[in-house]
Amino acid sequence: MTKLKIKIDGHEIETDDGGGSATILEAARLAGIHIPTLCHHPSLEAYGSCRLCTVQIVKNGRKKFVTACNYPVEDGLVVNTCTQEITGIRRMILELLLARCPQEKRLQENAREYGIIKPRFTLEDKNCILCGLCYRVCDELVGVSAINAQNRGVSRDVDTPYGQLSEDCIACGACALVCPTKSIRERKNIYPLSSVDIKEMEEEFLSGTIDNDLGVNRDMFAGKSSIEGQDGGMVTSILHRGIERGLLDAAVVAQINKSCGANAAFVDEMDQILQAKGTKYVRVSVIAPLLEALESGKRRIAVVGTPCQIRVVRKLQRQGYFNEKFPDAEIFLIGLFCFESFDYESLKSRMGELLGIDLNRAEKMQIAKGRFIVAVDGKGYSCRVRELEDAVRAGCGFCDDLVSRLADISIGSIGSAEGYSTVIVRSERGEKLLDAVQFDRKEINREEIVKLAAIKKKNADKNFAGIVAGLPERLEAERRERSISCELQ
Ligand code: FES
């Protein structure tokens, strides 16, 4: 890296060129000089859409306005961050943004700093300021790309493809965390959830003892049913008996699909339930088959899914999405324990490299004691789960829920003896389903589950820490500590 000398607001500053990528904004921040921003986040590619960071540079004796967040530093560059003209530009930008989102606290604060109490203009109240932070964080950091910018000019907006309910959103909440307004939180077709939302939904949908590590529960045990399935076969038994006893009309389950690993479908016959047994370890969308089941007249439906799928369905339930159209619908959520899921194509290619097998021919997959075990043509193969890191699905690193905390019943193999499933019952609705099932019962090893749940949470916290550290509030607090300020002109 090369050392450069620049001058910002009369302060001589020595800075690195960052291999050619260091910007005026970074240099100013390192020197404790405040430049306001809205669309900038240090962990994301520079975007330059809001122009609030406008500064003036003097180059070859000529003055020019540039955006500090994406203008590279050059040796000898002279920068002014708070002249009267710059203040005028920022005032105009803030006035327009405030006219668009008059109720937004973060904008109000920025505007107040520039002496604007009430904007002179009135624009349609939209909440979204089109800063792009939400979809950039979803794409660049979480890796999911559930939303994106759409249309041009006055019709420009942020949305899912065709405005449909998102099949990709994993309900991690990263978009809502960076959104400077309430816009993202108010969207109905994505599912940004905060820890407060999770708590509120636990209160609304579940009842029992509160366990800080494993969530609300009424009962926790290791179960083995008479039906053969993965581990204790408890998921298969619950669905099977539920349909047999008329407690369920249908179930949404993942089925093996030779071309993409698995797909979700709604089933209502015993043999279909039995065929769907076994964990698939790839994420499938449960919304479309759930809606299909409802539209075909099914009303009591069990949805089996990973923690992210369970969060998605709960968020839709909370906003009344299903009961608005189908007031008598009763949805039972059976959540699976999930540390991470895999991208099928990457998993298939990695399995081919490591074990020389074709995953399309797998009869059974299982994760146990840190090993991924596959049965092909009646023969068992295994490798360490750690060796499959590159095949882990984007976004899993942002999920902090191992045990499907929002499900009516959570089921997994962690914490149980071989041949048993760990079962956590979290609601009366879940209890009702379980009452129909006969099974052997044993104690669980709670500590084993807690340990793995803590590791998953720690991973997610680490990933979120990078996002939180770049939020304006944090940067502002840091700036105050250094406190080199410029007077408003
Ligand atoms: Fe630089 Fe928005 S253009 S922060």
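Considering only residues that are assigned to a helix (DSSP H, G or I), touching a residue at least 12 places away in the same chain (Cβ under 8 Å) and basic (Lys, Arg), which ones fall in the stretch 435-475?
446, 456, 457
Out of all the residues in the stretch 52-68, is one or more in a helix (DSSP H, G or I) and not acidic (Asp, Glu)? Quick ask: steps written out before the conclusion?
Filtering the stretch 52-68 for residues in a helix (DSSP H, G or I) gives none.
Checked the stretch 52-68: no residue is in a helix (DSSP H, G or I) and not acidic (Asp, Glu).
I'd like the residue in the stretch 104-139 that is more than 16 Å from the ligand (Cβ to nearest atom) and not in a loop (DSSP other than H, G, I, E, B) and, out of all such residues, is nearest to residue 45 (Cα to Cα). Talk me through it step by step, then tell me what you get.
If we filter the stretch 104-139 for residues that are more than 16 Å from the ligand (Cβ to nearest atom), which is where we start, we get 105, 108, 112, 115-127, 138-139.
Filter once more, so that each one left must be not in a loop (DSSP other than H, G, I, E, B): 105, 108, 112, 138-139.
On the way: 105: 25, 108: 26, 112: 28, 138: 12, 139: 11 Å.
My answer is 139.
Can you go through 81, 23 and tell me which one is within 15 Å of the ligand (Cβ to nearest atom), in contact (Cβ under 8 Å) with a residue 24 or more places away in the chain and closer than 26 Å to residue 142 by Cα? Talk me through it step by step, then tell me what you get.
Values: 81 fails: closer than 26 Å to residue 142 by Cα.
The conditions single out 23.
With 125, 139, 197 as the choices, which residue is charged (D, E, K, R), touching a residue at least 12 places away in the same chain (Cβ under 8 Å) and surrounded by 15 or more Cβ atoms within 10 Å (Cβ to Cβ)?
Numbers: 125 fails: surrounded by 15 or more Cβ atoms within 10 Å (Cβ to Cβ); 139 fails: touching a residue at least 12 places away in the same chain (Cβ under 8 Å).
Result of the check over 125, 139, 197: 197.
Suppose the filter is among the β-branched types (Val, Ile, Thr), more than 30 Å from residue 462 (Cβ to Cβ) and away from the ligand (no atom under 15 Å from the Cβ); does residue 57 pass it? Spell out the reasoning first.
Values: among the β-branched types (Val, Ile, Thr): yes; more than 30 Å from residue 462 (Cβ to Cβ): yes; away from the ligand (no atom under 15 Å from the Cβ): no.
Considered against the rule, which asks whether it is among the β-branched types (Val, Ile, Thr), more than 30 Å from residue 462 (Cβ to Cβ) and away from the ligand (no atom under 15 Å from the Cβ), residue 57 comes out as no.
Scanning for something under 22 Å from residue 113 (Cβ atoms) and loosely packed, with under 15 Cβ neighbours inside 10 Å, does the stretch 42-61 turn up at least one residue?
No: the stretch 42-61 contains no residue that is under 22 Å from residue 113 (Cβ atoms) and loosely packed, with under 15 Cβ neighbours inside 10 Å.
Return the residues of the stretch 317-344 that are in contact (Cβ under 8 Å) with a residue 60 or more places away in the chain, surrounded by fewer than 20 Cβ atoms within 10 Å (Cβ to Cβ) and part of a helix (DSSP H, G or I); say none if nothing qualifies.
Matches in the stretch 317-344: 317, 318, 321.
Can you find a residue in the stretch 386-393 that is in contact (Cβ under 8 Å) with a residue 40 or more places away in the chain, β-branched (Val, Ile, Thr) and assigned to a loop (DSSP other than H, G, I, E, B)?
no
Which ones in the stretch 142-173 are under 25 Å from residue 100 (Cβ atoms), surrounded by fewer than 17 Cβ atoms within 10 Å (Cβ to Cβ) and among the polar types (S, T, N, Q)?
148, 150, 151, 155 - these are the residues of the stretch 142-173 that are under 25 Å from residue 100 (Cβ atoms), surrounded by fewer than 17 Cβ atoms within 10 Å (Cβ to Cβ) and among the polar types (S, T, N, Q).
Kindly provide the set of residues from the stretch 265-288 that are of a type in the set (S, T, N, Q) and at pLDDT 70 or above, ordered by number. Working first, answer last.
Step one: list which residues in the stretch 265-288 are of a type in the set (S, T, N, Q), which gives 272, 275, 279, 285.
Listed by number, the residues that qualify are 272, 275, 285.
Identify all residues within the stretch 36-54 that are more than 6 Å from the ligand (Cβ to nearest atom), modelled with pLDDT under 95 and closer than 14 Å to residue 90 by Cβ; write none if there are none.
36
Within the stretch 26-35, take every residue that is free of Cβ contacts under 8 Å to residues at least 60 places away in the same chain and in a helix (DSSP H, G or I) and give me the one that is farthest from the ligand (Cβ to nearest atom). Quick ask: steps written out before the conclusion?
From the stretch 26-35, those free of Cβ contacts under 8 Å to residues at least 60 places away in the same chain are 26-28, 30, 35; that's our starting set.
Now narrow it down to the ones that are in a helix (DSSP H, G or I): 26-28, 30.
On the way: 26: 12, 27: 14, 28: 12, 30: 16 Å.
It comes out as 30.
Has the stretch 419-426 got at least one residue that is among the small types (Gly, Ala, Ser) and over 28 Å from residue 227 (Cα atoms)? Break it down stepwise before answering.
Filtering the stretch 419-426 for residues among the small types (Gly, Ala, Ser) gives 419, 421.
Then drop every residue that is not over 28 Å from residue 227 (Cα atoms), which leaves none.
No, the stretch 419-426 contains no residue that is among the small types (Gly, Ala, Ser) and over 28 Å from residue 227 (Cα atoms).
For residue 223, indicate whether it is free of Cβ contacts under 8 Å to residues at least 40 places away in the same chain and either out of contact with any Phe, Trp or Tyr (no Cβ under 9 Å at 6 or more places or on another chain) or crowded, with 19+ Cβ neighbours inside 10 Å (or both).
On the way: free of Cβ contacts under 8 Å to residues at least 40 places away in the same chain: no; either out of contact with any Phe, Trp or Tyr (no Cβ under 9 Å at 6 or more places or on another chain) or crowded, with 19+ Cβ neighbours inside 10 Å (or both): yes.
So residue 223 does not fit the description; no.
Can you tell me which residues in the stretch 83-103 are buried (at least 20 other Cβ atoms within 10 Å of the Cβ) and not in a helix (DSSP H, G or I)?
If the condition is that a residue be buried (at least 20 other Cβ atoms within 10 Å of the Cβ) and not in a helix (DSSP H, G or I), then 101 is the only one that fits.
Identify the single condition in (1) more than 25 Å from residue 183 (Cα to Cα); (2) within 39 Å of the chain's Cα centre (by Cα); (3) not in a helix (DSSP H, G or I) that residue 19 does not satisfy, given that it satisfies every other one.
(3)
The values are calculated or read from the model by the stated rules, or taken from the named source; none is laboratory data. These numbers come from a predicted model, not from an experiment. Counting neighbours? That spans all protein chains shown, and the Cβs are built from the backbone with ideal geometry, glycine included.
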